[in-house]
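A short write-up of the structure that comes next.
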Amino acid sequence: MMKFNLIISILLLVACKKAEQSIEKDKPVELAKIDFSSVDKYPIFSNCDELLSTKKESKCFASQLHAFLQDVFKDHQEKISKLNKSNLNFYMSINQSGKLSLDSIYPEIKTHDSKYLKQIIKTRSDNLNIKPALKQGIPVKVNFKLSVKISPSE
């Protein structure tokens, strides 16, 4: 009986070791090495040329994002001018699918104003065609801060 228990114990140890090795072999090692603080390719709007240099791609992205927000704000100028803020920092992100979202605003504004801005940006950004940032060929989420100067409506 003692030999039987010893053999079962050894078999269990070998089986557990084998299972542990197969789990380690299957884990995506390259994902663990990715530094998400930098990306190989910035997000890009569909109307920007993908063959541009990284610096030009970045400028094209910034100008397209600026034009998008300018259109959004122009359509909602009366509501936005009532925020009583001259500068706002928008903390935004573009997810792995290329969807733009407004995550937070600083300095903080009233909750209903914040929800309003998030909603209009979400609604209008659904029509945008943005290719996500890439790291080693894998789409990744990127976060960024955008400073917005609000001038009073005339």
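Read-outs: derived from the displayed coordinates by stated rules, not from any lab. Predicted model only: the values in this text are computed from it and were never measured. Here the Cβ is made from the backbone with ideal geometry for all residues, glycine too, and neighbour counts use every protein chain on show.
Using just the alpha carbons, could you tell me how many Å³ per residue the convex hull of region 88-128 encloses?
Details: hull volume 2.4 nm³, N = 41.
In region 88-128, the Cα hull volume divided by residue count equals 58 Å³.
Close amide H partners of Leu83, meaning residues 5 or more places away or on another chain with modelled amide H under 5 Å apart, do not exist here. Here each label is just a point 7 Å from Cα along the line to Cβ, and for Asn47 and Gln136 those points are 3.6 nm apart.
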